[in-house]
Amino acid sequence: MDKQLLDKIMRQVSKPARYMGNEYNMVEKNRSEVLINFAFAFPDVYEVGMSHLGMKILYHLINDRDDSYCERVFAPWIDMEEKMRQHGIPLFSLETKTPVSEFDLLGFTLQHEMSYTNVLNMLDLAGIPLYAAERNKEGSGRNDFPFIIVGGPCAYNMEPLADFVDLAALGEGEELIGELLNWYGKWKCSGESRMAFLEGAAQIPGIYVPMFYDVSYHDDGRIAGIRSNNQAAPERVKKRIIMDMDKAYYPGKMIVPFMDIVHDRIMLEIFRGCTRGCRFCQAGMIYRPVRERSLDKLLEQAEKLVESTGYEEISLTSLSSSDYSRLEDLARQLMNRYKDSCIGLSLPSLRLDSFEKDFLEEMQKVRKTSLTFAPEAGTQRLRDVINKGVTEEDLINTVTDALSSGWSGIKLYFMIGLPTETEEDLQGIADMSRLVRKIYYSMDREKRPKNLKVTVSTSSFVPKPFTPFQWVPQDTMDKLGEKQDFLRNAIRGKEVTYNWNDPEASFLEAVLARGDRRLGRIILSAWKKGARFDSWSEQFNMEAWKKAFEEEGIDPAFYSHRQREKDEIFPWDHIDIGVTKEFLWREWQKALREEITPDCRVYCSGCGVMRLGEGICR
């Protein structure tokens with residue numbers, strides 16, 4: 001790597017800090033003195049990837065091993081990629097500026113389906129053959145290329161990327177990555193073939209090797225069967241979970257970037273899993289069961305991170321932070337401990353039915369920010385369909401308390417295109433925004449905060465694997481556009497802002513989310529036509545995808561707009577997340593009947609995750 005040339009190029013691109021490294025708390029090791037060199041790749045720009053908690057955890061976990069060195073890799077932005085290709089600079093790591101092709105293992109975290117073309121682009125920039133079969137063919141040198149690993153929520157159905165990936169790590173990685181590195185170290189010293197490594201890895205619980213499975217199809221395109229073709233590979237791969245969150249690894253320090261990132265604060269993970277059972281939510285299903293960290297452990301971790309980072313904000317992260325059993329105790333102790341240091345507290349995942357006025361006032365003692373809530377649907381009927389479990393009364397009470405406590409910013413998140421949605425449900429979204437304004441103006445002028453700001457945001461519903469809505473079709477792009485037009489006209493008021501997303505992007509996300517291996521050639525074709533950074537609106541190139549589908553003779557509507565039958569085999573049916581397919585079907589039928597399923601903390605609904613024997617299900 002010509003570092004002088006690299007320095008020169010970085011002065012010619014936007015945000016050069018993306019490529020510099022050398023941040024506070026970055027880990028430095030001598031690559032030649034470790035057995036295993038691991039590149040942790042995030043298929044998006046630095047400021048997005050550095051906000052990801054999983055990367056922070058696994059980066060320091062791997063680097064705490066004496067035999068391993070983990071370095072970070074991010075997708076270069078368009079201007080940097082152009083310079084790199086122009087000057088023949090391969091994709092490199094931040095820590096040592098080493099070409100990615102020289103690592104032992106290259107692990108991508110798949111947080112979003114719209115990052116798939118970036119994965120291919122990064123492999124190509126690194127000079128690594130895209131297809132796993134080419135990297136692992138007989139006669140290939142065992143150390144010619146790194147093994148390509150994927151993890152994260154999209155790894156649960158990574159079938160569209162199956163041809164490009166060597167193995168997937170399913171579930172929580174703190175224990176799994178250690179077992180995989182242990183096996184890799186033994187294999188590296190053994191002199192055995194690349195195939196021997198994959199066969200050994202496939203025997204580690206939670207490791208899925210796509211090439212060890214054959215998929216057959218019916219004439220109409222539906223999957224006929226998924227079978228293991230290697231004795232080392234189980235018929236079904238079960239996800240991994242951490243048994244005891246207090247014993248789970250959590251770093252005492254985190255890298256502090258030189259530039260602003262999306263979530264530039266201490267991230268304190270208070271628990272994993274969710275018991276609410278929202279029927280649209282994939283995370284709520286794949287991350288079950290709920291397992292909490294103790295109050296004492298969280299206070300200990302917060303103290304270490306405040307001291308080691310200098311951050312001025314602590315975010316209590318989880319899928320539904322307000323469901324933490326000791327939340328008020330934790331929040332009050334943190335605020336009391338750090339109020340003199342002006343360290344703020346944020347709660348990113350709030351429910352309308354979980355806050356009292358005195359708690360909101362306590363939060364305001366440190367720093368005034370906006371409150372974010374997600375009613376998800378505009379009417380009680382549709383909230384029952386999706387099992388949201390909050391009411392308009394919850395909204396009235398919480399907004400009233402928030403405004404009287406000094407909060408002037410209220411953000412409301414909804415989805416459009418949900419199953420059984422009607423125009424009345426859409427009107428309900430607009431009515432909720434008016435309700436917030438009505439509450440505000442009904443208060444005494446002296447008691448209400450100044451400058452009310454209400455932000456209403458809608459995203460388009462995308463059916464996801466491992467949810468009760470995995471059987472349902474998505475609304476067409478035209479239909480979603482009509483619903484957005486309706487809301488643009490219905491949501492009014494100078495204090496109210498309405499934000500929405502691109503229906504074309506939601507359509508493509510739906511295609512990829514429930515896609516199978518046949519979509520691999522679509523992703524490759526779209527990438528060759530210029531698709532990359534598809535989650536960025538200014539870069540999204542729908543024409544490239546349309547041409548790819550047309551040239552390959554695949555109808556994307558087969559994946560996005562088709563109603564599935566109860567017994568259809570899905571591309572992900574050989575993956576076991578603990579929650580059973582039978583439970584998900586029962587929940588879909590209850591949705592059609594507009595029936596609520598109680599919170600798991602109140603009543604066990606028999607989802608199947610009890611088989612894992614951990615969390616509240618013990």
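Here are the numbers for this structure:
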{"quantity": "Relative pair counts by distance (%), Cα atoms of the stretch 537-618, 5 Å bins", "calculated": "3, 10, 14, 16, 13, 12, 10, 10, 8, 4, 0"}
{"quantity": "Percentage relative contact order, the stretch 208-337, counting C-alpha pairs under 8 Å, at least six apart", "calculated": "23 percent"}
{"quantity": "Volume per residue that the Cα convex hull of the stretch 387-521 spans, once the total is divided by residue count, Å³", "calculated": "127 Å³"}
{"quantity": "Relative contact order of the stretch 514-609, defined on C-alpha pairs under 8 angstrom at six or more residues apart (%)", "calculated": "23 percent"}
{"quantity": "Accessible area of the stretch 1-154 divided out per residue, in Å², using a probe of 1.4 angstrom", "calculated": "36 Å²"}
{"quantity": "Theoretical FRET efficiency, 1/(1+(r/R0)^6), r = Cβ-Cβ of Glu595 and Thr391, R0 22 Å, to 0.05", "calculated": "0.90"}
{"quantity": "Solvent-accessible area, 1.4 Å probe, carbon plus sulfur percent, for the stretch 133-211", "calculated": "50 percent"}
{"quantity": "Length added when fully stretched, Ala557-Glu423, from 0.36 nm per residue minus Cα-Cα", "calculated": "45.8 nm"}
{"quantity": "Directionally averaged shadow of the stretch 482-618, computed from the convex hull of its alpha-carbon atoms, nm²", "calculated": "12.9 nm²"}
{"quantity": "Chymotrypsin sites (Phe, Trp or Tyr not before Pro) within the stretch 514-618, DSSP loop, no more than 12 other Cβ atoms inside 10 Å", "calculated": "Tyr603"}
{"quantity": "DSSP beta bridge pairing in the chain, given as percent antiparallel to the nearest 5", "calculated": "20 percent"}
{"quantity": "When each of Lys239/Lys297; Lys15/Lys339; Lys186/Lys239; Lys304/Lys464 is checked by Cα-Cα distance, pairs over 31 Å", "calculated": "Lys15/Lys339; Lys304/Lys464"}
{"quantity": "Cut-off 18 Å (backbone N to label point 7 Å along Cα→Cβ of Glu482), residues of the stretch 504-519", "calculated": "504, 507"}
{"quantity": "Cβ-derived FRET efficiency at R0 35 Å, Glu179 paired with Glu28, nearest 0.05", "calculated": "0.85"}
{"quantity": "The chain - mean residue ellipticity at 222 nm from DSSP helices (-39,500 (n - 2.57) per run, n ≥ 4, rounded to 500)", "calculated": "-10500 deg cm²/dmol"}
{"quantity": "The stretch 380-455: trypsin sites (Lys or Arg not before Pro) in DSSP loop, at most 10 other beta carbons within 10 Å", "calculated": "Arg445, Lys447, Lys450"}
{"quantity": "Proximal aspartates and glutamates to Lys546, defined as alpha-carbon separation beneath 17 angstrom and excluding residues fewer than eight positions away on the same chain", "calculated": "Glu113, Asp478, Asp502, Glu504, Glu509, Asp534, Asp555"}
{"quantity": "For the stretch 73-211, alpha-carbon Rg and Dmax in angstrom", "calculated": "14.9, 43"}
{"quantity": "Net length gained if the chain between Lys188 and Asp244 were fully extended (0.36 nm per residue, minus Cα distance)", "calculated": "17.0 nm"}
{"quantity": "For the chain, alpha-carbon Rg and Dmax in angstrom", "calculated": "24.4, 79"}
{"quantity": "Around Asp7: net Lys/Arg minus Asp/Glu count, Cβ-Cβ under 13 Å", "calculated": "+4"}
{"quantity": "Paramagnetic reach from Arg85 (point 7 Å along Cα→Cβ, amide N under 20 Å) across the stretch 518-533", "calculated": "521-533"}
{"quantity": "Hydrodynamic radius of the stretch 1-153 per Kirkwood, over alpha carbon pairs, in Å", "calculated": "15.9 Å"}
{"quantity": "Share of carbon and sulfur in the accessible heavy-atom surface of the stretch 472-604 [1.4 Å probe, %]", "calculated": "48 percent"}
{"quantity": "Rounded to 10°, Cα long-axis angle of helix 503-513 versus longest principal axis of the chain", "calculated": "50 degrees"}
{"quantity": "Counted charge near Leu91, where neighbours are those whose Cβ lies closer than 10 Å (Asp, Glu -1; Lys, Arg +1)", "calculated": "-2"}
{"quantity": "Cβ-defined net charge surrounding Leu176, 11 Å radius [Lys, Arg +1; Asp, Glu -1]", "calculated": "-2"}
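The values are calculated or read from the model by the stated rules, or taken from the named source; none is laboratory data. Note that the coordinates shown come from a computational prediction; the quantities given were computed from them, not determined experimentally. Here the Cβ is made from the backbone with ideal geometry for all residues, glycine too, and neighbour counts use every protein chain on show. We work out accessible area using only protein heavy atoms, side chains counted, and drop any ligands, DNA or RNA first. Shrake-Rupley method; radii C 1.70, N 1.55, O 1.52, S 1.80 Å.
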